[in-house]
Amino acid sequence: MSVHTGQAPRLGLKRFTTPLAVVVALVALFAWLSSLTLDSIEQRTLNTSYLLDRTQEHVLLTVVSSALVALLAIPAGIAAYRVRSKAVRAFVIGLGNIGQATPAVGVVILLAIVWQTGFYTALISLVAYCFLPVLRNTLTGLEQVDQATREAARGMGMTPRQVLWRIELPLASPVILAGLRTALVFSVGVATIATFINAGGLGDMIVNGLKLQRYPVIVVGAVLVAAIAVLIDWAAGLVEDLVRPRGL
């Protein structure tokens with residue numbers, strides 16, 4: 001009993017170490033910022049309203065694109081797995097490779113040229129770029145389920161659909177969620193280039209800071225992007241732990 005009692009507080013502390021570290025980093029950043037004498041350009045950028053707007057745009061772009069990736073890539077991976085055709089799997093993975101094989105900025109600019117600029121173009125670009133990790137992890141997770149477990153489920157009278165939903169997907173969920181976690185972190189970083197097609201986000205701050213050589217603006221934008229990436233990865237890790245089947 002004493003071992004479990006000691007482990008519980010340690011586990012709780014470990015879970016909250018990441019957000020506490022991010023908070024400390026942000027407090028240190030803004031303490032440093034308040035010690036500087038900002039010119040008029042920096043003051044127009046480094047104010048609460050502007051920072052909140054850009055952060056909201058960035059988080060929205062990241063979360064919506066990742067949700068769309070999950071809705072598209074996981075069913076595609078399940079479908080490719082159930083077909084059990086190497087040709088179909090190669091075709092599906094090849095489609096996913098198209099988005100990630102091309103540099104992220106190339107995907108964004110190409111879609112902007114052939115379609116339009118703005119939020120929805122950036123959204124489609126992020127979905128295309130982050131599709132492959134979730135698709136591949138879905139296939140890998142399902143394929144790694146022990147064959148004896150499947151046979152035991154079928155021996156109990158389960159249909160193929162029941163085996164998929166009750167056995168294979170729960171056992172594959174840690175691998176699938178790891179792919180989705182990767183896609184989330186990818187999205188945070190790639191969303192910074194959405195500024196090139198007028199889709200907003202914290203990339204506005206970084207690019208404007210570079211163009212105008214305002215280093216406080218660059219530093220704040222970069223640190224905020226890093227903080228969002230770390231927090232999203234931490235939150236995804238918590239979800240991964242919560243949904244992991246017992247014993248895995």
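Could you list, in sequence order, all residues of segment 200-248 that are of a type outside the set (Gly, Ala, Ser), closer than 25 Å to Glu42 by Cβ, over 17 Å from the mean Cα position of the chain (by Cα) and not in a helix (DSSP H, G or I)?
Gln213, Arg214
Does segment 45-63 contain any residue that is open to solvent by 60 Å² or more (accessible area, probe 1.4 Å), modelled with pLDDT under 85 and out of contact with any Cys (no Cβ under 6 Å at 6 or more places or on another chain)?
no
Open to solvent by 50 Å² or more (accessible area, probe 1.4 Å), of a type in the set (A, V, I, L, M, F, W, C), without any contact (Cβ under 8 Å) to a residue 24 or more places away in the chain and not in a helix (DSSP H, G or I) - does that describe any residue in segment 110-121?
Yes, segment 110-121 contains at least one residue that is open to solvent by 50 Å² or more (accessible area, probe 1.4 Å), of a type in the set (A, V, I, L, M, F, W, C), without any contact (Cβ under 8 Å) to a residue 24 or more places away in the chain and not in a helix (DSSP H, G or I).
What's the total number of residues in segment 79-98 that are open to solvent by less than 40 Å² (accessible area, probe 1.4 Å) and more than 20 Å from the chain's Cα centre (by Cα)?
5
Please give the number of the condition Gly106 fails out of (1) open to solvent by less than 40 Å² (accessible area, probe 1.4 Å); (2) in contact with a helix residue (DSSP H, G or I) (Cβ under 8 Å, 6 or more places away or on another chain).
All conditions pass for Gly106, except number (2).
Those residues that are among the basic types (Lys, Arg) and open to solvent by 60 Å² or more (accessible area, probe 1.4 Å), I need them from segment 136-160; list them, please.
Passing the criteria: Arg136, Arg154.
Keeping to segment 194-231, report how many residues are polar (S, T, N, Q) and closer than 20 Å to Ser125 by Cβ.
Final tally of qualifying residues: 2.
Within segment 174-211, how many residues are among the small types (Gly, Ala, Ser) and on the phi > 0 side of the Ramachandran plot?
Result for segment 174-211: 2.
Can we say Ala87 is touching a helix residue (DSSP H, G or I) at 6+ places or on another chain (Cβ under 9 Å), over 30 Å from Asn198 (Cβ atoms), part of a helix (DSSP H, G or I) and without any contact (Cβ under 8 Å) to a residue 60 or more places away in the chain?
Criteria not met by Ala87.
Can you say whether Gln147 is modelled with pLDDT under 90 and either closer than 17 Å to Ala79 by Cα or in contact with a helix residue (DSSP H, G or I) (Cβ under 9 Å, 6 or more places away or on another chain) (or both), as far as the supplied structure shows?
Answer is no for this residue.
For the structure I just gave you, tell me whether Val163 is among the β-branched types (Val, Ile, Thr), open to solvent by less than 60 Å² (accessible area, probe 1.4 Å), at pLDDT 85 or above and under 30 Å from Thr17 (Cα atoms).
Against the criterion (among the β-branched types (Val, Ile, Thr), open to solvent by less than 60 Å² (accessible area, probe 1.4 Å), at pLDDT 85 or above and under 30 Å from Thr17 (Cα atoms)), Val163 does not qualify.
Of Val145, Val190, which residue is in a helix (DSSP H, G or I) and among the β-branched types (Val, Ile, Thr)?
Of the residues listed, the single one that is in a helix (DSSP H, G or I) and among the β-branched types (Val, Ile, Thr) is Val190.
The values are calculated or read from the model by the stated rules, or taken from the named source; none is laboratory data. Just so it is clear, the model here is predicted, and its values are computed rather than measured. Here the Cβ is made from the backbone with ideal geometry for all residues, glycine too, and neighbour counts use every protein chain on show. Please note that ligands, DNA and RNA were not included when accessible areas were found on the heavy atoms of the full protein model with its side chains. Shrake-Rupley method; radii C 1.70, N 1.55, O 1.52, S 1.80 Å.
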